[in-house]
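Step one of this worksheet: look at the structure below.
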Number of protein chains: 2
Amino acid sequence: MARRTAEEAEQTKQAIAAAAKQLFIQQGYQATSMEQIRESSGMSKGSIYYHFKSKEQLFMYLLELNMVDWIFKCTERFKLVSTATEKLYAIAHHFAHDFENPLMQASMEFSGTKGADPEVIEKIVEMSKFPLPLILDVIKEGIQQKEFAEDDPEKLALLLYSVLGGLGIIQFDNYSLEELEFIHRKAIDVFLNGIRA
Amino acid sequence: MARRTAEEAEQTKQAIAAAAKQLFIQQGYQATSMEQIRESSGMSKGSIYYHFKSKEQLFMYLLELNMVDWIFKCTERFKLVSTATEKLYAIAHHFAHDFENPLMQASMEFSGTKGADPEVIEKIVEMSKFPLPLILDVIKEGIQQKEFAEDDPEKLALLLYSVLGGLGIIQFDNYSLEELEFIHRKAIDVFLNGIRA
DNA sequence: CCATTATTAGAACGATCGGTCAGTATAATC
DNA sequence: GATTATACTGACCGATCGTTCTAATAATGG
């Protein structure tokens with residue numbers, strides 16, 4: 001079997017991408033082999049390399065997809081609320097719920113890969129910070145609206161990003177989703193309390 | 001050349017450990033090869049495997065050493081201050097300054113390693129949380145001394161641990177040590193402000 | 001001073017890695 | 001219906017992985 005329709009080919013590509021994504025999230029970048037992706041996706045080695053020119057590029061593809069999806073969902077949520085405070089809770093909720101986000105972990109690990117294209121590394125490092133501008137905007141808005149006390153928005157944004165990122169990275173094997181979400185809300189509670197006007 | 005004195009042998013072991021530590025921190029666990037450790041330490045493959053029975057065990061050895069050192073330094077600092085608030089600043093300072101701590105990153109990545117001994121994985125996951133009890137104690141003390149508002153100490157400890165861990169993990173390529181320390185202090189400021197009695 | 005043992009060196013191992021390639025089959029094009 | 005471009009297969013590649021093994025040598029105990 002070969003030469004599917006363009007539509008079917010796209011399905012193949014997405015099957016590979018989906019399998020790869022799951023494995024990268026579960027095991028990290030380096031621990032995931034192309035052989036595993038082949039097995040999990042049910043496609044052949046050749047097919048993978050037909051759609052993606054390298055493991056690096058496959059990973060990049062996933063990161064980009066993940067990023068635009070994340071930002072889209074977040075801005076959608078923003079439309080439902082009005083205050084900066086509510087927006088921060090929305091972001092936290094997003095961090096807690098988004099299973100897809102753990103790609104962040106994999107992308108931090110990626111930097112260490114030997115022989116990796118420096119250009120790709122820099123691009124990935126840059127991309128892993130994508131939620132920062134969003135957070136920054138909300139904090140600026142909060143300060144302007146007098147919801148939050150006057151302070152350096154850049155530093156506060158970095159702080160909140162670290163909290164949420166840290167919460168996502170720390171191993172929570174024995175926590176339920178509810179507890180997890182609770183902790184994320186708690187994080188915002190404390191943070192808000194700390195910067196309130 | 002072979003058969004050094006016991007003292008010289010220990011030096012060899014420590015040279016290997018030191019080289020490995022640096023590489024694990026810089027590149028992560030999987031990206032660091034035994035060949036690199038051999039080259040960097042200047043010792044031979046045989047020598048490495050004489051002192052450490054596997055890459056896993058070498059990594060474990062470093063983690064344990066790092067942990068006791070961290071705790072020791074921290075409790076030493078605690079003796080110089082009195083309030084829980086001051087202790088939190090001390091912990092933050094420790095997180096910011098301790099270059100050695102980035103082993104945490106490597107230990108989180110380790111979990112994904114294929115074929116890794118599950119027993120070792122669990123042990124490492126457990127070990128990576130070592131600062132938690134310390135933080136928990138301080139927070140309990142702070143609540144008891146009425147420095148902090150009444151709250152669930154477990155959750156607050158997890159929160160602070162995530163903040164500091166997150167700050168340590170996020171890529172700060174373009175930040176100086178001073179800025180880094182500043183941000184860590186700022187984190188405690190906001191956190192303290194958020195939980196103050 | 002001899003036998004033993006601790007410590008090193010480095011060649012070699014099988015396994016697995018990411019990646020390539022010649023070949024095939026079919027949809028699309030004309 | 002012949003031709004061409006596309007989608008895919010699976011065997012295969014050299015490199016590198018963690019690890020093992022044998023041999024050499026120097027310190028140690030008798």
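The values are calculated or read from the model by the stated rules, or taken from the named source; none is laboratory data. Predicted model only: the values in this text are computed from it and were never measured. Because the Cβ atoms are built from the backbone with ideal geometry, glycine has one as well, and the counts that use them run over all protein chains shown. Just the protein is used for accessible areas: all its heavy atoms, side chains included, with ligands, DNA and RNA removed. Shrake-Rupley method; radii C 1.70, N 1.55, O 1.52, S 1.80 Å.
Quick notes on this one:
- Compactness of the protein assembly as shown, taken as the C-alpha radius of gyration over 2.2 N^0.38 Å, stands at 1.07.
- Residue order for B:Tyr49, A:Tyr50, B:Tyr29, B:Tyr61 - accessible surface, 1.4 angstrom probe, largest first: A:Tyr50, B:Tyr49, B:Tyr61, B:Tyr29
- Heavy-atom accessible area per residue - chain B, 1.4 Å, Å²: 49
- Interface A-B: total buried accessible area of about 3500 Å², 1.4 Å probe, protein heavy atoms only.
- Phi-derived couplings, Karplus 6.51 cos²θ - 1.76 cosθ + 1.60 at θ = phi - 60°, listed residue by residue for the stretch A:181-187: 5, 4, 5, 5, 5, 4, 4 Hz, with x used for Gly and Pro.
- The charge dipole of the protein assembly as shown, taken about its Cα centre with unit charges on the Cβ atoms of Lys, Arg (+1), Asp and Glu (-1) only, comes to about 720 debye.
- At the listed q of 0.08, 0.09, 0.10 Å⁻¹, the Debye profile of chain A, built from one uniform point per Cα, gives log10 I(q)/I(0) equal to -0.33, -0.41, -0.50.
- Phi angles across the stretch B:157-164 convert, under the Karplus curve 6.51 cos²θ - 1.76 cosθ + 1.60 with θ = phi - 60°, into 3J(HN,Hα) values of 5, 4, 4, 5, 4, 5, 4, 5 Hz, Gly and Pro given as x.
- For the stretch A:143-174 and the stretch B:1-36, distance of Cα centres in Å: 38
- Magnitude of the charge dipole for the stretch B:20-168, about its Cα centre and with charges confined to Cβ atoms of Lys, Arg (+1) and Asp, Glu (-1), is about 420 debye.
- Per atom type, chain B shows carbon and sulfur on 52% of its accessible surface, probed at 1.4 Å.
- Cα-projected label distance for A:Leu65 with B:Val81, points at 7 Å along beta-carbon direction, nm: 4.7
- Paramagnetic reach from B:Phe182 (point 7 Å along Cα→Cβ, amide N under 20 Å) across the stretch A:151-166: A:151-163
- Between the listed residues A:Leu23, A:Ile121, A:Thr75, the Cα displaced farthest toward the positive end of the dipole of the stretch A:1-128, a dipole computed from Cβ unit charges relative to the Cα centre, is found at A:Leu23.
- Under 5 Å, built H, 5+ apart or other chain: amide partners of A:Arg196: A:Ala149
- Residues in the stretch B:141-185 occluded by at least 40 Å² - accessible area, probe radius 1.4 Å, against chain by itself: B:Lys155, B:Leu158, B:Leu159, B:Ser162, B:Val163, B:Ile169, B:Ile170, B:Gln171, B:Ile183
- For the cross-link pairs B:Lys53/B:Lys123; A:Lys13/A:Lys53; A:Lys21/A:Lys53; A:Lys73/B:Lys155; A:Lys114/B:Lys21; B:Lys53/B:Lys114, the ones whose C-alpha atoms lie over 20 Å apart are A:Lys73/B:Lys155.
- Spacing of the modelled spin labels on A:Gln144 and A:Thr5, each 7 Å from Cα toward Cβ, amounts to 4.9 nm.
- HN-Hα J in Hz across the stretch A:41-51 - Karplus 6.51, -1.76, 1.60, θ = phi - 60°, x for Gly and Pro: 7, x, 9, 9, 3, x, 5, 4, 7, 6, 8
- Using C-alpha pairs below 8 Å separated by at least 6 residues, the relative contact order for chain B is 23 percent.
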